[in-house]
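Structure first, commentary second.
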Amino acid sequence: MLLELKRFDIIPGQKVYLKDVSWSEFEQILNELGEHRAAKIAYCNHRLEIMTPLPEHESNKEIIGDLIKALLEELDIEFYSLGSTTFKNELMQEGIEADNCFYIENEAKVRGKDKIDLTVDPPPDLALEIDVTSRTHREIYANLGVPELWRFEKRKLQINVLQNGHYTEIDFSPHFPNLPLKDIIPQYLEMVKSTGRNKTMKNFRNWVKEQFNKNF
């Protein structure tokens, strides 16, 4: 399987599906693909999805990720960002690669760790998925116990929280109560195209400070 996998030429925006993939084969494929790769993976029910993102996907991922970091920094909330780390749980036989993820409440529990093992470590407190040509595997995130999942698609931000094993869409993030991020994040994402990244980030930080002074 690994020899055949090397021969795959996945066009950006396209996917490859492999069925009947055992956990050991999944681990081998991850090692074969390596950590520094463009492809994203999702593994559930012995089925492996490999997808190569489009440039639009990568751009949105980076900018929204930077906005979340700026938000946490301005609110003086300690966090640990692990980017597109592959999260997997052998006991559950599932694995997923978020576009970005953040440890917030559980930051101290994983601080300084080079590897995360979800059989003993907590899952990220917040995960981000950008849906351009791919779909968010909510069931995997839910099974892994990720409390909050952000999904960005067609210029809209969806905020979901895990309740009774399933995600429910809500208007305000529990991590950032009273902040209208569903409206604001897409606005600042679009602003980058007209004013540039640095000016946008500066304006966003100023907005966060204004909101903080208003609400606290």
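Okay, here's what the table says:
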item	result
Residue satisfying all of: in the stretch 53-72; charged (D, E, K, R) and touching a residue at least 40 places away in the same chain (Cβ under 8 Å); surrounded by the most Cβ atoms within 10 Å (Cβ to Cβ) among these	Lys61
Residues being charged (D, E, K, R), assigned to a loop (DSSP other than H, G, I, E, B) and either touching a Phe, Trp or Tyr at 6+ places or on another chain (Cβ under 9 Å) or under 14 Å from Asn60 (Cβ atoms) (or both) - total across the stretch 114-161	4
Residue, surrounded by the fewest Cβ atoms within 10 Å (Cβ to Cβ), within the stretch 181-215, restricted to residues that are hydrophobic (A, V, I, L, M, F, W, C) and over 11 Å from Ile63 (Cα atoms)	Phe212
Residue within the stretch 185-198 that is free of Cβ contacts under 8 Å to residues at least 12 places away in the same chain and of a type in the set (Val, Ile, Thr) present	yes
Answer residue from the stretch 92-143, given it is crowded, with 17+ Cβ neighbours inside 10 Å, of a type in the set (S, T, N, Q) and touching a helix residue (DSSP H, G or I) at 6+ places or on another chain (Cβ under 9 Å) and is modelled with the lowest pLDDT among those	Ser134
Filtered residue count, the stretch 144-177, keeping only those that are more than 22 Å from Asn106 (Cα to Cα) and touching a residue at least 24 places away in the same chain (Cβ under 8 Å)	5
Candidate set from the stretch 1-32 (those that are assigned to a helix (DSSP H, G or I) and in contact with a helix residue (DSSP H, G or I) (Cβ under 8 Å, 6 or more places away or on another chain)); member that is modelled with the lowest pLDDT	Leu2
Residue in the stretch 130-143 that is closer than 21 Å to Glu73 by Cα and without any contact (Cβ under 8 Å) to a residue 40 or more places away in the chain present	no
Condition met for Glu169 (surrounded by fewer than 16 Cβ atoms within 10 Å (Cβ to Cβ) and assigned to a helix (DSSP H, G or I))	no
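The values are calculated or read from the model by the stated rules, or taken from the named source; none is laboratory data. Note that the structure is a prediction, hence the values are computed from the model and not measured. Backbone-built Cβ (ideal geometry, glycine too); neighbour counts: all protein chains shown.
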